[in-house]
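Here the structure comes first, spelled out in structure tokens, and everything after it is commentary.
What follows draws every value from the coordinates through simple rules; no lab data is involved. All values derive from a computational prediction rather than experimental measurement. Cβ placement follows ideal geometry from the backbone for every residue including glycine, while neighbour counts extend to all protein chains displayed.
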Amino acid sequence: MSREKGNAIFVTIMVLGLMLHSNLAHGMTYTVGDSRGWDFDVAGWENGKKFHSGDTLVFKYSEGAHNVVVVNKSDYDSCNVPDNATTFSSGNDKVKLRKGPIYFICGIPGHCDAGMKIAINAA
């Protein structure tokens, strides 16, 4: 193999490695509910996915029709919206994950009970 060809292969491998590292450092972006978006019966959408700290969740919905509330496990289980909860309502909300569990519900009465909730555990 010629020296130039060897150098070209080395440079290609280095560039690919940097691209892979860059993708991991910035995290993945997930649209909650995929093409359906943040809607009824979205519970379970997260099953089988591996989330990591630094990944971003995008909640897409019609502004005013829903919201996204960050809650603890107890409030998630009971579909309770605490007074001091962090709430998003733009219809295109982006949440960067931190390591550990995080729980999301729709705070519109009845929506969480109808399956608008997800639980994520980011590595």
Per-pair calculated FRET efficiency, R0 = 22 Å: Ala85 and Ala43 via Cβ, rounded to 0.05: 0.75
Where only C-alpha atoms are counted, convex hull volume of region 27-123 per residue in Å³: 88 Å³
Integer Hz, Karplus 6.51/-1.76/1.60 couplings in order for region 48-60, x for Gly and Pro: x, 9, 10, 9, 10, 4, x, 5, 10, 9, 10, 9, 10
Least to most buried among Met116, Met28 (fewest other Cβ within 10 Å first): Met28, Met116
Pair Ser35, Asp77: separation of 7 Å Cα→Cβ label points (nm): 3.7 nm
